[in-house]
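The values are calculated or read from the model by the stated rules, or taken from the named source; none is laboratory data. None of the values given here were measured: they were computed from a predicted structure. Reconstructed Cβ throughout: ideal geometry from the backbone, glycine too, with neighbour counts over all protein chains shown. For accessibility, only protein heavy atoms count, side chains too; no ligands or nucleic acids. Shrake-Rupley method; radii C 1.70, N 1.55, O 1.52, S 1.80 Å.
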Amino acid sequence: MKPRPVSDTWPGWFIALHWVIALMLSVMIGVGIVMVAVEETAAATGDFTIKVFGFPMYQAYQLHKSVGLTLFWLIVLRLGLRLTLGLTAPSHDHSRLERFVARTVQIVLYALMLSMPLTGWLMASSSPLGLPTMWFGLVNVPHPLGPDAAREEILATLHALGGYALLAIAGLHAAAALKHHLVDRDGTLTAMLPPLRHLEKRQ
């Protein structure tokens, strides 16, 4: 199989959004896991002055929620622009099965990426503590639900499972991209990596 022409790529703004969202999601999931561990330690020891990466727990959660809400709208923007502009993946000689799997993984990824901020927001809304959600300390984001400890626990479980599922699907997505790059050599990965495209042009 011949490598795909290097000019066959995604638009630059789409590539930028892809990697900004990917980086933010990775950081958010990692920080979320640490925050849960810190909260469990605080509950076990009774020491609620414990900090998360130097931030008091309240501030850490507010920052986590703020970035999560920002991520939600970035993902909505990316998906909306892609659908509005009718963007399709650069041409490849993929099999029908590969195209089906790719579309399925993309749908699942979008569903998980959108559901994570939503379950987090609803979880905060359901907290018996009644703490507000302040977007970077500037805007008080309204809560659509009232306090309910049982609902909060369910949403917390969904939020956590969503994070692990997102890690798994993103890992599959990355593995498939590497397979296309290293085995198929069809340009799928370099279409989303501008620096590699430039290197290919020099060769």
TODO: Could you tell me which numbered condition Ala191 fails, if it satisfies all but one of (1) touching a helix residue (DSSP H, G or I) at 6+ places or on another chain (Cβ under 7 Å); (2) over 25 Å from Leu69 (Cβ atoms)?
DONE: (1)
Task: Residues that are open to solvent by 80 Å² or more (accessible area, probe 1.4 Å), among the polar types (S, T, N, Q) and in contact with a helix residue (DSSP H, G or I) (Cβ under 9 Å, 6 or more places away or on another chain), drawn from the range 21-63 - done: Thr49
Open item on the list: Cβ-Cβ under 8 Å, sequence separation 6+ or interchain: first residue in the range 50-69 and at positive phi, partner open to solvent by 30 Å² or more (accessible area, probe 1.4 Å). Which pairs?
Closed with: Phe53/Val31; Phe53/Val34
TODO: Scan the range 111-150 for residues that are part of a helix (DSSP H, G or I), of a type outside the set (A, V, I, L, M, F, W, C) and closer than 22 Å to Ile21 by Cα and jot them down.
DONE: Ser115, Pro117, Thr119, Gly120
Open item on the list: Would you confirm whether or not the range 172-183 contains a residue that is modelled with pLDDT under 95 and charged (D, E, K, R)?
Closed with: yes
TODO: Please verify whether the range 72-84 includes one or more residues that are modelled with pLDDT under 90 and open to solvent by 70 Å² or more (accessible area, probe 1.4 Å).
DONE: yes
Open item on the list: Being in contact (Cβ under 8 Å) with a residue 12 or more places away in the chain, closer than 25 Å to Gln106 by Cβ, open to solvent by 50 Å² or more (accessible area, probe 1.4 Å) and not in a loop (DSSP other than H, G, I, E, B) narrows it down to one residue among Leu166, Leu172, Leu182, Leu161; which is it?
Closed with: Leu172
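Residues are listed down the side, and each one gets a yes or a no for (1) in contact with a Gly (Cβ under 7 Å, 6 or more places away or on another chain); (2) under 25 Å from Val67 (Cβ atoms):
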site: Val108; (1), (2): no, yes
site: Pro117; (1), (2): yes, yes
site: Pro132; (1), (2): no, yes
site: His143; (1), (2): no, yes
site: Glu152; (1), (2): no, yes
site: Leu155; (1), (2): no, yes
site: Ala168; (1), (2): no, yes
site: Leu182; (1), (2): no, no
Open item on the list: Regarding the range 116-128, can at least one residue be identified that is without any contact (Cβ under 8 Å) to a residue 24 or more places away in the chain and over 30 Å from Thr188 (Cβ atoms)?
Closed with: yes
